[in-house]
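Enquirer: So that we are looking at the same thing, I have put the structure below in structure tokens.
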Amino acid sequence: MKHFVTAFLVILFTLPALAQTTFSIRGRVLDKVTGETLPGATVQVTGNGKNTGAGADADGSYKVSNLPAGTYTVQASFIGYKPNTQTVKISTQSVVASFTLASDNASLDEVQVVASQAQERETPVAFAAVNEVKLRETLSNRDLPMILNETPGVYATQGAGGGTGDSRINVRGFDQRNVAVLINGVPVNDMENGQVYWSNWDLGDVTKSLQVQRGLSAAKITVPSVGGTINVLTKGFDDKRSIVARAETGSNNYQKYSLMLSSGQLKGDWAVTAYGARRTQDGWVDKTFDDAWTFFGTVSKRIGKHTLSLTGMGSPQSHGQRIPFGERIGVYSNEKALELGATPQPGGDKGFRYNKGWGYLDRYTLDGNGNRISHGQEVVNERVNYFFKPQVNLNHFWNVTDRLFVSTVLYASKGTGGGSQAAGSTFPTDASGQDNIQKVYDDNYKNVRPDGQRQSTQFITNLVNSHRWYGLVSGFDYLLKPSLTLSAGVDARYYYGIHYNEIRDLLGGDYAEGTGNLNAAAKPRLKVGDKYSYYNDSKTGWLGGYGQLEYKTPLLSAVVSGTVSRISYARIDYFRSKQVTVDGKNYDVIYGATPLVINGQSYTNADGHYLENDWVNITGYSVKAGANYNLTEHDNLFANIGYNSKVPFYQFVFNNSGQKFKDIRNEGISSFELGYGISYPSLKVSLNAYYTYWANKSSNSTTANPAGGTIYNNVRNVDARHMGIEMSVAQEISRRLQLNAAISLGDWRWAGNGVLNQTDDNNQLVGTPDTPIYLKGVHVGDAAQNQFQIGLRYEPVNNFYIRPSFLLFTKYYAGFNPVNLLNEASRTDTYRVPTSRNLDVHLGYDLPKRLFGDKIRLGLKGSVLNVLNEFYITDVPASTSATDPSLLQGFFNRGRTFTVGLSATL
């Protein structure tokens, strides 16, 4: 009986398999670097008389059914990725075959040479990538850099301005002036100061991928990056045909509407992508309104071995900002002040949304009888940023032979705009702590001069910072042998900056007295639009070249590269006294003064030319080498080393009076990195350690000169040492649950003392030359040195996801001015900002049923940022109070906000 029961059970469980004649192959398709799903990927199954396939759904899953037993070739493919193929054998049951796809540089022609995307288990640098799916699901209404906080070693905040587009980002403790940012391989860091103004672009919806290369990057162009490189790649030739419409709304009256059209590959190898968006909101910080349009378009054409691509983009915008100097903590919250050891402020507790820089105004007039005629109340912002920077790129890609590839991009942009601020003197405040704009208006309106004109003593000006920028990046890759590639190219740029201060709003007056223009009357009467206090242009020329030799086998990848660049600066000042040149010598000709007589010839100011400095030419270079060794099919080890002789920015060459600083020297950055990686289809781990030494780091600031005018503080010979370890983990725990985590621990300190030289407006030394400053051992401020992040993506049911992400930053020291450390006793760390923590939650649902003849798919998504509504300091301006917590000034994060959106895809 016992044997009968056993036999019966065996037959019972075997019969279904014996009866089953067809089976299935199922699995998931994931991004090899990020572990993110790739919805829409194609899986093709061939063999045993079958040629069939399926598409991956919203979570990257696919299933091919009705397959008889046998051996099959299964290939997964996705636009912009290298196909991956497996051979599977079906005998008595269905099988699982999952794929991870790597980005295919060959299909991303528009950035193949100049963007240099790092590849897993090949490129010897530490990097992290965010693919299109994660961008769509988690960006919400934030600036693009904010999504990178989940990357180890990155610290991004909304910035001191507090408005949309004011974000800043630090990588390994280096601010974005020293982080190269490329959009489709084109550099966008300001050529004068290295800054990146994220308000110039709103590319979240058209970004295909976002990659951060930390430390020595793989970028081949001559970009003097110290912290790393951020590559933003937008949609282009390889996008499939689609129409996507989105509508979003959220906290603070956030509204955004966008439409994107992608033609896919058309007949004759044409492709077109067009995108437009409209965005408005009130802003979380008081009166930091946002008003922006965005356009993006690209047209591509393949002609034999050539591909041409024309791309245009821009985002005309204006947004309100807060005063960038910060407030005492008690002004926001006295409870928070006591918690942080700061002094409570009388009349404080104005809330974390507080922004002093705005007020109400009625621009009334008086009739002939002195009766007041009201014109209604309006809000006037002291600080408004407005800018429009359209940019056009023309790319040409040429597969000359199967061994030679040439890439060229020509680009041009014309930026116009600036930002406003109070002028004359600091605006008074009313009882609520806001700018008392009405009092300013009243005082100006009453200030009637003998000639009947009203003089404004307080008003608002625009600090205009416009430019014209042209560039060329051209390079080639030549396959010397199957494992060896030679790359070389040129990077040429020209930048013309236009800088002046102009009257924006006279606030009740008819004119303001001008200052600073030595080629006009001492106190000219200025109207709205007239230039005030300064007016100068800058010229920056850049000519660089690079060379690289890369060795690549399945086991070992190695690269050695070098760059050299000649950077030239010049300055034209329209407000300094004009000059005449006689016998090769320049003479000032003072406006209104007695004519200058030289060799019997009289010269007046009208005969002179504007002061233009001679070109200052400085050469910089970099060398780097690295190697990656694949220990096994799952483990790899990499290392890199390099040195960068960095040319100082324009602001370290000329002072505000147009005088050239003395003893200008390059900064030297040495860097070493060692990393280890683990790569499985369901698990990715990256662990790396870095050491960066920055020698002769420069900084400058200004203070008032007791004798009148300005003192320019120039700090040199300061060294800084940045070292740390970073780890990231991405794991697919199950088909429905994925985990990602990041940890970085840093120790960034000033490694040596430096010297201070102070000059006046005439570039004459003030005080003792080479005054020592004492920095050694002091922590580098302005960013959190330690970071911990963990996030999940969970699909409880098909087509529905929820993504919580927890982020913690600690060991953040306030920024400070080294001018304050002029003796050994003053050497001290600045205030250590308390640990911050933040929880965000993102969720979405793709409706399973299609509408209108199976053509339109609807999707819902939402985000709640700062779910716990906790407040913490994100930015501390450099100030003398940064070492004393009782006087601490700073800015806080945004409170809890939400966005919801609906998308329709055809």
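The values are calculated or read from the model by the stated rules, or taken from the named source; none is laboratory data. On a predicted model such as this, the values are computed, not experimentally measured, just so you know. All Cβ positions, glycine included, derive from the backbone under ideal geometry; neighbour counts span all protein chains shown.
Enquirer: Test of understanding: among Leu216, Leu210, Leu203, which residue is more than 29 Å from Tyr643 (Cα to Cα) and not polar (S, T, N, Q)?
Expert: The conditions single out Leu203.
Enquirer: Taking Ala274, is it farther than 22 Å from Val392 by Cβ and surrounded by fewer than 20 Cβ atoms within 10 Å (Cβ to Cβ)? Can you show your working first?
Expert: Working: farther than 22 Å from Val392 by Cβ: no; surrounded by fewer than 20 Cβ atoms within 10 Å (Cβ to Cβ): yes.
No, not satisfied.
Enquirer: Is at least one residue of region 455-475 of a type outside the set (Gly, Ala, Ser), assigned to a helix (DSSP H, G or I) and surrounded by fewer than 16 Cβ atoms within 10 Å (Cβ to Cβ)?
Expert: No, that holds for no residue.
Enquirer: What single numbered condition from (1) touching a helix residue (DSSP H, G or I) at 6+ places or on another chain (Cβ under 6 Å); (2) closer than 28 Å to Ser456 by Cα; (3) outside any loop (DSSP other than H, G, I, E, B) fails to hold for Tyr591?
Expert: Single failed check for Tyr591: (3).
Enquirer: OK, next. Restricting to region 617-675, name every residue that is modelled with pLDDT under 90, in a strand (DSSP E or B) and either surrounded by 21 or more Cβ atoms within 10 Å (Cβ to Cβ) or aromatic (Phe, Trp, Tyr) (or both).
Expert: Across region 617-675, the qualifying residue is only Phe654.
Enquirer: Name the one entry in Ile590, Ile598, Ile567 that is touching a strand residue (DSSP E or B) at 6+ places or on another chain (Cβ under 6 Å) and touching a residue at least 24 places away in the same chain (Cβ under 8 Å). Give the derivation first.
Expert: Working: Ile590 fails: touching a strand residue (DSSP E or B) at 6+ places or on another chain (Cβ under 6 Å); Ile598 fails: touching a residue at least 24 places away in the same chain (Cβ under 8 Å).
Being touching a strand residue (DSSP E or B) at 6+ places or on another chain (Cβ under 6 Å) and touching a residue at least 24 places away in the same chain (Cβ under 8 Å) holds for just one of Ile590, Ile598, Ile567, which is Ile567.
Enquirer: Regarding region 704-713, can at least one residue be identified that is closer than 22 Å to Phe174 by Cβ, in a strand (DSSP E or B) and within 26 Å of the chain's Cα centre (by Cα)?
Expert: Checked against the condition, which is being closer than 22 Å to Phe174 by Cβ, in a strand (DSSP E or B) and within 26 Å of the chain's Cα centre (by Cα), region 704-713 yields no hits at all.
Enquirer: Asp782 passes all but one of (1) touching a Pro at 6+ places or on another chain (Cβ under 8 Å); (2) at pLDDT 90 or above; (3) not in a strand (DSSP E or B); which number fails?
Expert: (1)
Enquirer: Which one of these is assigned to a strand (DSSP E or B) and hydroxyl-bearing (Ser, Thr, Tyr): Tyr441, Tyr445, Tyr495?
Expert: Unique residue meeting the criteria: Tyr495.
Enquirer: Restricting to region 290-329, name every residue that is small (Gly, Ala, Ser), at pLDDT below 95 and in contact with a Pro (Cβ under 9 Å, 6 or more places away or on another chain).
Expert: Within region 290-329, Gly326 is the sole residue that qualifies.
Enquirer: Follow-up question, since we're still on this one. Among all residue pairs at least 6 apart or on different chains, which show Cβ distances below 6 Å where the first residue, located in region 779-800, is of a type in the set (A, V, I, L, M) and the second is part of a loop (DSSP other than H, G, I, E, B)?
Expert: That search, which allows pairs on different chains as well, returns Val780/Gly173; Ala783/Gly173.
Enquirer: Let me ask something else about it. If Arg735 passes every condition in (1) charged (D, E, K, R); (2) in a strand (DSSP E or B); (3) farther than 30 Å from Ser225 by Cβ but one, which one does it miss?
Expert: (2)
Enquirer: Within the set of pairs 6+ apart or on separate chains, which have a first residue in region 451-480 that is basic (Lys, Arg), a second that is part of a strand (DSSP E or B), and C-beta atoms under 7 Å apart?
Expert: Note: pairs meeting the criteria are Arg454/Val448; Arg468/Lys414; Arg468/Tyr496.
Enquirer: Only one of these conditions is not met by Ser217: (1) of a type in the set (Ser, Thr, Tyr); (2) more than 25 Å from Val653 (Cβ to Cβ); (3) under 13 Å from the mean Cα position of the chain (by Cα). Which number is it?
Expert: Every condition holds for Ser217 apart from (3).
Enquirer: Which residues, taken from region 49-82, are part of a loop (DSSP other than H, G, I, E, B) and modelled with pLDDT of 85 or more?
Expert: Pro68, Ala69
Enquirer: Just one of Lys811, Lys855 is touching a residue at least 24 places away in the same chain (Cβ under 8 Å), in contact with an Asp or Glu (Cβ under 9 Å, 6 or more places away or on another chain) and either more than 25 Å from Tyr254 (Cα to Cα) or surrounded by fewer than 14 Cβ atoms within 10 Å (Cβ to Cβ) (or both); which is it?
Expert: Lys811
Enquirer: OK, next. Is at least one residue of region 31-43 at pLDDT 60 or above, under 22 Å from Gln93 (Cβ atoms) and crowded, with 22+ Cβ neighbours inside 10 Å?
Expert: yes
Enquirer: Return yes when Val490 is part of a strand (DSSP E or B), crowded, with 16+ Cβ neighbours inside 10 Å, in contact with a Ser or Thr (Cβ under 8 Å, 6 or more places away or on another chain) and β-branched (Val, Ile, Thr) and no when it is not.
Expert: Against the criterion (part of a strand (DSSP E or B), crowded, with 16+ Cβ neighbours inside 10 Å, in contact with a Ser or Thr (Cβ under 8 Å, 6 or more places away or on another chain) and β-branched (Val, Ile, Thr)), Val490 does not qualify.
Enquirer: Taking the conditions exactly as written (hydroxyl-bearing (Ser, Thr, Tyr) and within 30 Å of Gln377 (Cα to Cα)), does Tyr470 satisfy them or not?
Expert: Criteria not met by Tyr470.
Enquirer: Do you know which residues across region 116-161 are buried (at least 21 other Cβ atoms within 10 Å of the Cβ), in a loop (DSSP other than H, G, I, E, B), among the hydrophobic types (A, V, I, L, M, F, W, C) and in contact with a Lys or Arg (Cβ under 9 Å, 6 or more places away or on another chain)?
Expert: Within region 116-161, Val125 is the sole residue that qualifies.
Enquirer: In addition: Restricting attention to strands (runs of 3 or more DSSP E) lying wholly within region 826-906, give those where 3 or more residues are at pLDDT 95 or above.
Expert: The qualifying strands (runs of 3 or more DSSP E) are 836-846, 857-865, 897-905.
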